[in-house]
Amino acid sequence: MREITLSQAVNEAIAEEMRRDPSVFLMGEDVAEAGTPFKVLSGLVEEFGTERVIDTPISEPGFMGMAVGAAMTGARPIVDLMFGDFIFLIMDQLCNQAAKTHYMSGGKLTVPLVLRTNMGATRRSAAQHSQSLQALVAHIPGLKVAMPSSSYEAKGLMKTAIRDNNPVVIFEDKLMYQDKAPVPEEEYLIPFGVANVKREGRDITLIGTSSMVQVAEKAAEILAAEGISAEVIDPRTIVPLDEKTLIESVKKTSRAIVIDEGHQSYGVTAEIASRLNEKAFYHLDAPVLRMGAMDVPVPFSPALEDLTVPTPEQVAANARRLCAGELIHAA
Amino acid sequence: MAKAKSNTEDYLRMYTQMVRIRTFEDNANQLYLSAKMPGLTHMYSGEEAVAVGICEALTDADRITSTHRGHGHCVAKGAEFKAMFCELLGKAEGYCRGKGGSMHIADQSHGNLGANAIVGGSMGIATGSALRAKLQGSDDVTVCFFGDGATAQGLLYEVMNMAALWKLPVIYACENNGYSEYTKTEEIAAGSITARAEAFGIEAHQVDGQDVLEVNDLARKLVARARKGEGPFFIELMTYRYHGHHVGDINREYYRSKAEEKEWKDNRDPIIRFRAHLVREGIATEADLDALNAEIEKDAAEAVAYALDAAYPDAAEVDMHVYAA
Ligand SMILES: Cc1ncc(C[n+]2csc(CCOP(=O)(O)OP(=O)(O)O)c2C)c(N)n1
Ligand SMILES: [Mg+2]
């Protein structure tokens, strides 16, 4: 199968959907001729013109709000938010307007829009260009949240997101834009709420989101060499969450570590761990462990920044201890 | 002759709609005072000529966005009393199935995109609706209603900039009622409000919001021009709210005097003024208008009784409509 970059996968997904459905359009800063600073959207303006690939002023709340209004009245906007960190600027339009309109109107109005943005540290971009803020969005009922872990997921989830009748937020890991993975030539969609068991195992379940799936897979390799069999699962969407697959896995392995690049406290890892505790408690042989980013603003210095994100070695070390019956956080 | 007849109909409909808003609000206020309505509500009484003058210039295909003070926009854009009172009381037959309440009330089928409890929260939505119209080659126009207080929100300036750059068919309708909550407009708004729109190259007008004909006349002209791609436009409508900021704001002399309220009610009331005009021009007699008023009051009383008896939503609805299918 051909291999393409995550960036190309996103581009292909959007181009295919724009060809299929004339109501789909793109808006954001420097999305047209520049194709975004990450060049993810290069070439789209040549095919679809500036009517459908719209360069906006630097007015995040403004164009986010406009996307909500366009979506409510029959268009399917894709909003490009240059950095995930800027989500704080659009919170009202996303969480008070987009997320609640369907409910507040008693089901009469819908808001089919996609907000694509990014996440991920270790790009030496410091505290305001490195955050992974998916937990903030996942907290709000009415929003769906997808976290592609490779080019394959990036394409299939994007196409599903564009066809979904709800506001969907897609967090792409900006360090993965150049990573290649096999992507079929034929059209495919990846349904929301269906986790992917990337690797089967017996002794421990490693649940990772986005780039943390790769971290979990590398940890599983390390562990395999030591005779520990780790199962790796990618939920692919955190809202909706495929609880069933996660719970079934933990019932089998009786141990789990949840890994996500958002801050650990009050985060995605906490939510998933808590559901496993509630729903698989009697099957567990060890506490479910959370591994998120450190609870510090992301530092600039590489010497510090690299300490803030979970690594395969740390995941493997924690898995080893859980499998040996050691308590990691003994009271 | 034909023209005079259509004017007569238009005029009587404008009168009727203004009285319907006033009557709706009087009943809503009573429901609050008699503790039959959950929560609070913001009365539109006094500002009727604004919503009616503008919405009478629109078709069902045209959209509006409304505010926390939204009952007037809702009636003016074609809503019925029954489903409105049901919404106010949180009943299943409300326009939003009781999930929105007073601050989110809207009859979506007539192009009302919703009342909004975030001050200024719908400015993006209205402008986006206009962007959609332009992209899809549709000739509908969107009117964004908001208060003087909302002009302090940065969002307005972001979206006016884009609306002007892209010549969007949107009309920003600023209802300047002199107050944002308990604060006078001159204490929160520097300089001129219309000049802010003009700075973006947007044609701006200030009108007497208590004169329904003046409002309607301007709205018709601007809507027609917006349809032809000459938008956006900005209108500042000088108006006044008769009640407190919300129904519970009763002792309010610390921020505005009774004399000031009396002056607006006695000498500038939009309904009294228009009624006098209709009689003077021979469009209707006092008796005709009294009969119209009585009919509207009866209609409202029946709708209130209906809503009081109507069923609450079933508990199963609580997690319905979080996501669309
Ligand atoms: C973002 C936001 N800030 C504050 C409030 C509280 N609040 C509700 S109405 C209001 C005053 C609004 O004044 P104006 O825009 O002039 O509208 P009016 O009530 O006069 O119709 C305030 C401050 C709110 N709902 N939303
Ligand atoms: Mg005001």
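The values are calculated or read from the model by the stated rules, or taken from the named source; none is laboratory data. From a predicted model like this one, the values you see are computed outputs, not experimental measurements. All Cβ positions, glycine included, derive from the backbone under ideal geometry; neighbour counts span all protein chains shown. For accessibility, only protein heavy atoms count, side chains too; no ligands or nucleic acids. Shrake-Rupley method; radii C 1.70, N 1.55, O 1.52, S 1.80 Å.
Here are some notes:
- In the stretch B:158-181, the residues that are in contact (Cβ under 8 Å) with a residue 40 or more places away in the chain and more than 9 Å from ligand 1 (Cβ to nearest atom): B:MET160, B:ALA163, B:ALA164, B:LYS167, B:LEU168, B:PRO169, B:VAL170, B:ILE171, B:TYR172, B:ALA173
- For the stretch B:204-218, a residue qualifies if it is assigned to a loop (DSSP other than H, G, I, E, B) and open to solvent by 10 Å² or more (accessible area, probe 1.4 Å), and exactly one does: B:ASP211.
- Residues of the stretch A:56-65 that are within 7 Å of chain B (Cβ to nearest Cβ) and over 14 Å from B:THR127 (Cα atoms): A:PRO57 alone.
- Close Cβ contacts (under 6 Å, 6 or more residues apart or on different chains) running from residues in the stretch B:43-64 that are among the polar types (S, T, N, Q) to residues that are open to solvent by less than 10 Å² (accessible area, probe 1.4 Å) comprise B:SER45/B:GLU25.
- Some residue of the stretch A:26-40 being on the phi < 0 side of the Ramachandran plot and within 16 Å of ligand 1 (Cβ to nearest atom): no
- Search result, residues across the stretch A:66-97 that are open to solvent by less than 10 Å² (accessible area, probe 1.4 Å), at the interface with another protein chain (Cβ under 8 Å from one of its Cβ atoms) and aliphatic (A, V, I, L, M): A:MET66, A:ALA67, A:VAL68, A:ALA70, A:ALA71, A:ALA75
- Wholly within the stretch A:150-246, strands (runs of 3 or more DSSP E) carrying at least 3 residues that are closer than 19 Å to A:ALA273 by Cβ and under 13 Å from the mean Cα position of the chain (by Cα): A:237-239
For every residue, the table says whether it meets (1) more than 25 Å from B:TYR32 (Cβ to Cβ); (2) at pLDDT below 95; (3) within 14 Å of chain A (Cβ to nearest Cβ).
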{"residue": "B:LEU278", "(1), (2), (3)": "yes, no, no"}
{"residue": "B:THR285", "(1), (2), (3)": "yes, no, no"}
{"residue": "B:ASP288", "(1), (2), (3)": "yes, no, no"}
{"residue": "B:ALA291", "(1), (2), (3)": "yes, no, no"}
{"residue": "B:ALA294", "(1), (2), (3)": "no, no, no"}
{"residue": "B:TYR306", "(1), (2), (3)": "no, no, no"}
{"residue": "B:ALA315", "(1), (2), (3)": "yes, no, no"}
{"residue": "B:TYR323", "(1), (2), (3)": "yes, no, yes"}
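- Set side by side, the residues B:GLY149, B:GLY124 differ, and just one is within 16 Å of ligand 1 (Cβ to nearest atom) and over 27 Å from A:LYS108 (Cβ atoms), which is B:GLY149.
- Failed item in (1) touching a residue at least 24 places away in the same chain (Cβ under 8 Å); (2) closer than 21 Å to B:ASN29 by Cβ; (3) assigned to a loop (DSSP other than H, G, I, E, B), with B:ALA311 passing the rest: (2)
- Pick from the stretch B:142-188, criterion acidic (Asp, Glu) and surrounded by 23 or more Cβ atoms within 10 Å (Cβ to Cβ), ranking: farthest from the chain's Cα centre (by Cα): B:GLU158
- Scanning the stretch B:145-195 for residues that are within 16 Å of ligand 2 (Cβ to nearest atom) and either assigned to a helix (DSSP H, G or I) or at pLDDT below 95 (or both) yields B:GLY149, B:ALA150, B:THR151, B:ALA152, B:LEU156, B:THR185, B:GLU186, B:GLU187, B:ILE188, B:ILE193, B:THR194.
- Residue count for the stretch A:49-60, restricted to those that are open to solvent by 40 Å² or more (accessible area, probe 1.4 Å) and closer than 14 Å to B:LEU135 by Cβ: 3
- For A:ILE140: the one exception among (1) under 30 Å from B:GLY94 (Cβ atoms); (2) buried (at least 21 other Cβ atoms within 10 Å of the Cβ); (3) of a type in the set (A, V, I, L, M, F, W, C): (2)
- Among the residues making up the stretch B:114-141, those that are under 17 Å from A:VAL24 (Cα atoms), facing chain A (nearest Cβ under 8 Å) and surrounded by fewer than 24 Cβ atoms within 10 Å (Cβ to Cβ) are B:LEU135, B:GLN136.
- For the stretch B:40-62, a residue qualifies if it is surrounded by fewer than 23 Cβ atoms within 10 Å (Cβ to Cβ) and charged (D, E, K, R), and the qualifying residues are B:GLU56, B:ASP60.
- Scanning the stretch A:180-216 for residues that are in contact with a Pro (Cβ under 9 Å, 6 or more places away or on another chain), surrounded by fewer than 19 Cβ atoms within 10 Å (Cβ to Cβ) and farther than 23 Å from A:GLU12 by Cα returns no hits.
- Residue in the stretch B:300-315 that is β-branched (Val, Ile, Thr) and within 17 Å of B:ALA49 (Cβ to Cβ) present: no
- Flag if B:LEU89 is in contact with a helix residue (DSSP H, G or I) (Cβ under 6 Å, 6 or more places away or on another chain) and more than 10 Å from every other protein chain (Cβ to nearest Cβ): yes
- Residues satisfying the stated conditions in the stretch A:163-176, i.e. in contact with a Lys or Arg (Cβ under 8 Å, 6 or more places away or on another chain) and open to solvent by less than 40 Å² (accessible area, probe 1.4 Å): A:ASP164, A:ASN166, A:PRO167, A:VAL168, A:VAL169, A:ILE170, A:GLU172, A:LYS174
- Enumeration of residues in the stretch B:219-251 that are of a type in the set (A, V, I, L, M, F, W, C), buried (at least 21 other Cβ atoms within 10 Å of the Cβ) and not in a loop (DSSP other than H, G, I, E, B): B:ALA219, B:LEU222, B:VAL223, B:ALA226, B:PHE233, B:PHE234, B:ILE235, B:LEU237
- Among the conditions (1) within 14 Å of chain B (Cβ to nearest Cβ); (2) aliphatic (A, V, I, L, M); (3) buried (at least 20 other Cβ atoms within 10 Å of the Cβ), the only one that A:VAL45 does not satisfy is (1).
- Qualifying residue in the stretch A:238-261 (condition: surrounded by 23 or more Cβ atoms within 10 Å (Cβ to Cβ) and more than 18 Å from A:VAL197 (Cα to Cα)): yes
- Verdict on B:ALA106 being open to solvent by less than 10 Å² (accessible area, probe 1.4 Å), touching a Gly at 6+ places or on another chain (Cβ under 7 Å) and facing chain A (nearest Cβ under 9 Å): yes
- So A:PHE63, is it open to solvent by 30 Å² or more (accessible area, probe 1.4 Å) and either touching a residue at least 60 places away in the same chain (Cβ under 8 Å) or in contact with a strand residue (DSSP E or B) (Cβ under 8 Å, 6 or more places away or on another chain) (or both): no
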